[in-house]
1. What whole-number value in Å² describes the accessible area per residue of the stretch 152-251 for a 1.4 Å probe?
2. State which entries of Lys60/Lys151; Lys146/Lys257; Lys151/Lys302; Lys39/Lys153; Lys162/Lys257 exceed 21 angstrom in Cα-Cα distance in the structure shown.
3. Run the dipole for the stretch 11-321 about the Cα centre, Lys and Arg Cβ at +1, Asp and Glu Cβ at -1, nothing else charged, and hand back the magnitude in debye, nearest 20.
4. Considering every pair of different Cα atoms, what Kirkwood radius, in Å, is found for the stretch 11-321?
5. Relative contact order for the stretch 11-321 using alpha-carbon pairs under 8 Å, separation at least 6, rounded to a whole percent?
6. Could you list the trypsin sites (Lys or Arg not before Pro) in the stretch 207-308 that lie in coil according to DSSP, counting only those with at most 13 other Cβ atoms within 10 Å of their Cβ?
7. Ordered by packing density, taken as the mean number of other Cβ atoms within 10 Å over each peptide's residues, highest first, how do 288-295, 100-107 rank?
8. If you average the alpha carbon positions of the stretch 1-76 and of the stretch 81-144, how far apart do those two centres end up, in angstrom?
Amino acid sequence: MNDPLGRTVDYLRLSVTDRCNERCLYCMPEHYRGWLPQKEILSDAELMAVVRVAAGIGFKRFRVTGGEPLLRPGIVEFMADLAAFPGVESVQMTTNGMFLPRLGDGLVRAGVRNFNISLDALDPARYRAITHGDVAPVIDGIRQMKALGCKVKLNTVLMRGKNEDQIESILDFAGALDVVVRFIELMPVSMSEMLSEENFLPVGEVRRNLEREDILDPIEDALGFGPARYYRLRRRGVIVGFISAITDLHFCERCNKMRLTADGKLRPCLGNHLETDLLPALRPDVDLDALEELFLQTLAGKPAEHLFRSNYQPGRVMTAIGG
Ligand code: SF4
């Protein structure tokens, strides 16, 4: 389907829970307890009804996110249903990786081969300071998914004063495992870590630092469906991606996605408050025609770009929007 600007929008990011076992600085406050009531989180049947309608109007790619999607009960079975659904061409997952050692094998058997795994630091103390979590199972999970032949990309959110000194070790780790690493500019989607001169580290600065010691060969082939621009570091042999929502003024020109929150709100853009409540078409009974109508309405109202450069204040914590 095309949006009013003629952009092909065929990529749906499904948040399947707002729960998370970590508390990343750029996502939610440390003592956050504002989880959605369980009954407000879409059931597997409701999620699959959304997938049926989305696939029916041309969505082909589905990324499952959260919160932490692996906290959702029955997630492996849900991923198997999603991967097997007619019209679904690609299924991917974004995860903090902590439960991959336990669930990774099952996910691969379910048909998931494409994982974006958050890794904001390798140093255990630094990782804990940023996420309030433990990096060891994440590293094990990354190694395991790589060993199982999966496509693994590491997501590193850049935070000045928090992790710029981790970039070298993350690049070495990625090189040793032959996985892609993406450096992501901080976006104003947090209610605790407000975007500021102090914490904002533009992608351009990281890139210039890398260019002082290496050559960045652009990779034309799309290594994914998102907005990242990829380069191979000639000397290191590592592929890096840059996601610059703040400093790249053309960032949204290639937008191909919409997001579904865990409680059934369809968002045409991460950086905008626009959302359509799908619950009236899902409860008490699923109405596929009404659901399709709501999808088309939301697509017709898709904004040209985000509001991040316009003093944007998020209406929800990131974990309730979905990565
Ligand atoms: S910020 Fe919004 S319009 Fe821009 S790429 Fe992301 S979802 Fe698309």
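The values are calculated or read from the model by the stated rules, or taken from the named source; none is laboratory data. Computed from a predicted structure; not experimentally measured. Glycine also receives a Cβ, built like all others from the backbone with ideal geometry; neighbour counts cover every protein chain displayed. Note: accessible area is taken over every heavy atom of the protein model, side chains too, but ligands, DNA and RNA are not part of it. Shrake-Rupley method; radii C 1.70, N 1.55, O 1.52, S 1.80 Å.
1. Each residue of the stretch 152-251 exposes 45 Å² on average to a 1.4 Å probe.
2. Exceeds cut-off: Lys146/Lys257; Lys151/Lys302; Lys39/Lys153; Lys162/Lys257.
3. For this selection, approximately 400 debye.
4. So the Kirkwood estimate lands at 19.9 Å.
5. Value for the stretch 11-321: 20 percent.
6. Arg212, Arg234, Arg235
7. In decreasing order of mean packing, 288-295, 100-107 become 100-107, 288-295.
8. Here the two parts' Cα centres lie 15 Å apart.
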